Amino acid sequence: MAKRRHFLISGTNQPIDYTATGGGSGKFKTPPRDGRKEHGEALIEQIRNAETEADETLSKEKIADGVDFVPIQVESSPEFKLWLDSLEDARSGIDLVNVLEKDDKQIATVHLPKDKVDRFIRRFDDFIHKDTEKGKPRDWKLAEGINEIRLATLRGSYWTDSGPVPANDANIWWEVWLRDEGQIENIETSFRDLAAQEGVRLSDARVAFPERIVLLAYTSLDKWSEFPGLLKYLAEFRRAAIVSREFIELEPADQMELIEGLLARTTFAGQAAPSVCILDGGVNRGHPLLAPALSEENNLAWHKDWTSADQHGHGTEMAGLALFGPLEKLLLDEQSVTLEHRLEAVKVLPDDGENDAPDYGPITVGSVSKMVEAEPNRPRVVCMAVTASDKDEWLPTLWSASIDQMCSGANDPLQRCLMLVSAGNLFGEPGKNYPDENLLASVQDPAQSWNVLTVGACTEKAMIEDPDLAGWNPVALPGGLCPSSTTSVAWDGDEWPFKPDIVMEGGNYAKDETGNVFRPDDLSMTTTSFSTDGGALLSDMGDTSGATALAARMAATLYAEYPTYWPETIRALMVHSARWTPQMRKDFVAKKKRDLHERLRCYGYGVPSLARARLCAKNSATLVIQESIQPFHMVNKKVETKEMHLHSLPWPKEVLRELGDTELLMRVTLSYFVEPSPGRRGWHIKQRYQSHGLRFDVRRPLESIKQFQERLTRDVWEDGQRPAGKRVKESRKWLLGEKLRTRGSLHSDWWKGSAADLAASEFIAIYPVTGWWRERPSRGSHSKRTRYSLIVSIESADTDVELYAAVETAIRTQTTITLEA
């Protein structure tokens with residue numbers, strides 16, 4: 001099957017003169033329902049159908065042996081929530097087992113005792129026939145919040161991992177989350193005994209949370225389907241993260257045997273492939289896993305008197321993750337591995353001591369320049385996890401501004417640099433005062449840079465198997481913030497960028513009853529060790545350094561897929577693909593915009609997905625536009641705004657109109673680089689740090705093209721007068737909104753609505769806002785052009801909706817638009 005690549009399109013833009021037009025609840029909400037009686041009766045019928053199916057079908061399956069309840073799946077409408085309190089009744093034994101969010105819907109699994117089904121149904125009957133004293137239907141929050149009820153299934157209801165459900169016959173390590181609510185005596189002992197009888201391998205490790213016990217099991221979904229009485233015990237399944245300790249504790253000879261097996265299965269990329277360039281304390285290219293991907297001429301040192309050798313291990317460990325990702329998943333796998341990128345390295349730290357702080361900016365920029373001179377045409381991702389604590393938090397420094405300048409193209413018109421920087425780690429004992437300390441600790445210099453992609457760390461690791469760590473528990477919950485990761489939650493400067501921009505796996509920490517904390521191998525990632533003289537070849541890594549290496553690997557993979565994409569575009573794709581985990585949403589429940597603001601300052605836009613960033617699906621399409629714009633020009637000796645770009649997107653409008661009320665998601669991401677002005681002069685309008693800013697706006701569904709233009713630029717007003725009549729109101733509910741999405745130089749926002757509304761949203765405007773290019777004409781920068789990348793995607797939760805093919809057809813009818821080869 002042909003890959004569904006993103007559409008790189010051109011010829012959509014119409015430049016228009018631009019002059020700004022000037023001055024742009026906590027209650028439970030339920031979706032509109034056609035009729036109270038009809039909706040209530042439909043839900044009652046669905047419960048009865050689930051009860052009948054449980055009696056006739058489920059009762060014959062082994063997983064239901066001894067089960068005295070009906071497992072039901074309760075689903076909300078998109079963009080609405082379930083009234084979860086009403087789905088649980090401890091006195092009646094009604095158990096809310098798990099809740100997940102999928103495709104912007106809340107999905108709950110509920111165990112409904114068979115002798116309480118009628119009692120549960122009476123609540124919906126009350127909804128139909130009875131009113132409260134305030135005139136509302138009885139139990140309206142429960143009934144109106146539910147869109148559909150069906151019988152729960154092992155595959156569809158109990159798998160809560162964000163990844164796909166494993167194939168039926170695939171043997172993997174599972175996290176088995178057991179219900180421990182006092183209803184089943186000695187649940188763990190009973191489950192272990194059954195697992196032994198059924199030949200299911202269980203780890204000795206366990207993690208206990210309130211009302212849950214988590215065990216690791218190695219088996220397949222087929223085996224689980226034959227596990228007697230499984231539903232009595234089970235709350236949820238997740239894919240287990242394979243721990244690092246088993247590999248690290250092997251003797252060097254045994255490690256080498258695994259490494260040789262991986263090498264035999266690996267195809268390395270050629271010399272012209274994109275690269276990850278690691279700026280660190282050096283990389284030992286003698287490591288057998290690194291040597292084929294790191295040429296000697298691409299392993300450099302900043303100082304002429306330094307060797308490129310790694311004396312401390314950090315750079316070599318970064319290299320392993322940047323090239324392969326976590327090795328624990330690959331060393332025991334029998335699948336072939338094809339690498340699509342290479343490595344480069346520049347040693348920027350001396351073997352002993354540190355560089356003087358004022359040198360960090362020039363060393364960073366100069367080291368990148370060395371590599372660019374050596375390989376000028378190679379797409380590269382610069383990866384740096386060297387940071388310094390800075391009390392000034394978000395304020396630009398020489399280091400951060402030097403990097404911003406390098407990325408902006410101010411000294412390199414080709415703008416060949418995409419740079420990733422780690423957010424930095426807490427000093428002292430991470431996890432000791434988690435997460436309060438993380439929310440107070442600022443990302444470290446130079447991670448506040450506007451033009452870099454700043455990477456923080458999250459974690460999915462929570463299983464500690466080391467018998468020496470009995471009584472220790474993971475600090476962070478799966479999907480939450482890595483205990484060492486810093487944030488920008490405490491920043492006072494709200495106008496500054498959200499940092500980190502994204503988060504990736506950085507491992508977890510463990511804590512004992514006395515409050516001691518550390519990061520065990522079990523909660524880390526396996527990578528290459530710097531020792532190559534007969535010592536260990538494998539080591540462990542985590543924190544924001546490991547997360548940044550993983551992000552760099554993803555960026556290089558995208559470069560290999562799309563070699564003509566700009567650095568701005570790769571950065572945009574990664575953010576565009578990012579999503580918040582359920583735990584991240586729980587940490588900052590978005591009741592108000594301020595909650596979203598803090599979530600962004602802690603987690604950025606979430607965890608990026610290589611699959612989403614790389615390719616489209618049948619029910620989705622991603623458009624990529626790379627353009628340049630001139631924000632300002634001189635008019636009568638005064639610098640004014642010059643132009644905005646009006647893009648007409650190739651929407652398949654007829655198809656969208658036919659889909660009518662079908663809900664679709666539209667996401668827009670705008671990425672550009674600013675030229676910095678880092679002098680600390682207050683950064684008021686005239687002395688802004690950024691050279692310029694860009695914004696996007698999307699035509700409103702009931703807005704004509706003329707009204708859209710009139711809303712944005714006064715240059716289309718007749719006789720210079722504001723058009724009469726009211727503006728068309730914004731009916732779409734953008735998640736972030738105009739105020740929240742405009743921080744920094746990377747803007748992303750999304751909304752869900754009907755396909756019919758989306759059909760009328762095919763026009764997007766890109767327009768400038770002020771910066772020092774305009775406010776300081778003596779600098780002579782007012783005539784400069786700037787590049788931007790615009791990513792627009794549409795998708796449906798229904799996998800049968802043919803959006804990709806429809807967009808492809810619409811594109812091919814517009815001869816001025818070209819497809820990426």
query = Which pairs have Cβ atoms under 8 Å, sit 6 or more apart or on different chains, and link a residue in the range 360-374 that is farther than 18 Å from residue 414 by Cβ to one that is modelled with pLDDT of 90 or more and in a helix (DSSP H, G or I)?
reply = 361/403; 364/403; 364/406
query = Restricting attention to the range 413-434, which residues are assigned to a strand (DSSP E or B), of a type in the set (A, V, I, L, M) and out of contact with any Cys (no Cβ under 8 Å at 6 or more places or on another chain)?
reply = 421
key: Residue identified as in contact with a strand residue (DSSP E or B) (Cβ under 9 Å, 6 or more places away or on another chain) and open to solvent by less than 30 Å² (accessible area, probe 1.4 Å) among 472, 450   = 450
ask   = Is one or more of the residues making up the range 146-166 open to solvent by less than 30 Å² (accessible area, probe 1.4 Å), under 21 Å from residue 201 (Cα atoms) and among the charged types (D, E, K, R)?
value = no
request  = Might you check whether a residue that is more than 23 Å from residue 451 (Cβ to Cβ), touching a Cys at 6+ places or on another chain (Cβ under 9 Å) and either among the aliphatic types (A, V, I, L, M) or at pLDDT 90 or above (or both) occurs anywhere in the range 374-397?
outcome  = no
ask   = Residues of the range 134-159 being within 19 Å of residue 31 (Cα to Cα) and either assigned to a helix (DSSP H, G or I) or of a type outside the set (D, E, K, R) (or both), which ones?
value = 135, 137, 140, 141, 142, 143, 144, 145, 146, 147, 149
query = Scanning the range 759-780 for residues that are open to solvent by less than 20 Å² (accessible area, probe 1.4 Å) and modelled with pLDDT of 95 or more, which turns out farthest from residue 20 (Cα to Cα)?
reply = 764
remark   = Across the range 610-635, the tally of residues that are touching a helix residue (DSSP H, G or I) at 6+ places or on another chain (Cβ under 8 Å), open to solvent by 10 Å² or more (accessible area, probe 1.4 Å) and within 13 Å of residue 8 (Cβ to Cβ) stands at 3
task = Give the number of residues within the range 119-133 that are of a type outside the set (A, V, I, L, M, F, W, C), open to solvent by less than 90 Å² (accessible area, probe 1.4 Å) and assigned to a helix (DSSP H, G or I).
result = 3
task = Test residue 805 against the criterion of being small (Gly, Ala, Ser) and farther than 25 Å from residue 709 by Cβ, and give yes or no.
result = yes
request  = Would you check which residues across the range 426-483 are among the acidic types (Asp, Glu) and within 21 Å of residue 600 (Cβ to Cβ) and list them?
outcome  = 436, 437, 445, 460
message = List pairs: first residue in the range 405-421 and modelled with pLDDT under 90, second residue in a loop (DSSP other than H, G, I, E, B) and β-branched (Val, Ile, Thr) anywhere in the structure, Cβ distance under 6 angstrom, at least six positions apart or on different chains.
response = none
ask   = Can you tell me how many residues in the range 705-737 are farther than 19 Å from residue 760 by Cβ, in contact with a strand residue (DSSP E or B) (Cβ under 9 Å, 6 or more places away or on another chain) and open to solvent by 70 Å² or more (accessible area, probe 1.4 Å)?
value = 2
ask   = Could you give every pair whose Cβ atoms fall below 8 Å, whose first residue belongs to the range 718-734 and is of a type in the set (Ser, Thr, Tyr), and whose second residue is modelled with pLDDT of 90 or more and open to solvent by 50 Å² or more (accessible area, probe 1.4 Å), counting only separations of at least 6 or pairs across chains?
value = 731/702; 731/757
Elements of type strands (runs of 3 or more DSSP E) in the range 496-599, at least 1 residues being open to solvent by 10 Å² or more (accessible area, probe 1.4 Å) and modelled with pLDDT of 95 or more = 502-505
query = Can you name the residue in the range 600-609 that is out of contact with any Pro (no Cβ under 6 Å at 6 or more places or on another chain) and part of a loop (DSSP other than H, G, I, E, B) and is also surrounded by the fewest Cβ atoms within 10 Å (Cβ to Cβ) among such residues?
reply = 609
Residues located in the range 21-60, provided they are part of a loop (DSSP other than H, G, I, E, B) and either within 30 Å of residue 710 (Cβ to Cβ) or open to solvent by 60 Å² or more (accessible area, probe 1.4 Å) (or both) = 21, 22, 23, 24, 25, 26, 27, 29, 32, 33, 34, 57
request  = Might you check whether a residue that is within 31 Å of the chain's Cα centre (by Cα), assigned to a helix (DSSP H, G or I) and either modelled with pLDDT of 95 or more or within 26 Å of residue 550 (Cβ to Cβ) (or both) occurs anywhere in the range 224-241?
outcome  = yes
inquiry  = So for the range 465-474 (the condition being in a strand (DSSP E or B), closer than 30 Å to residue 177 by Cβ and of a type outside the set (D, E, K, R)), does at least one residue qualify?
reply    = yes
query = Restricting the search to the range 66-118, which residues are within 27 Å of residue 228 (Cβ to Cβ), assigned to a loop (DSSP other than H, G, I, E, B) and out of contact with any helix residue (DSSP H, G or I) (no Cβ under 9 Å at 6 or more places or on another chain)?
reply = 88
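The values are calculated or read from the model by the stated rules, or taken from the named source; none is laboratory data. This is a predicted model, so every value here is computed, not measured. All Cβ positions, glycine included, derive from the backbone under ideal geometry; neighbour counts span all protein chains shown. Side chains included, ligands, DNA and RNA excluded: accessible areas come from the protein's heavy atoms. Shrake-Rupley method; radii C 1.70, N 1.55, O 1.52, S 1.80 Å.
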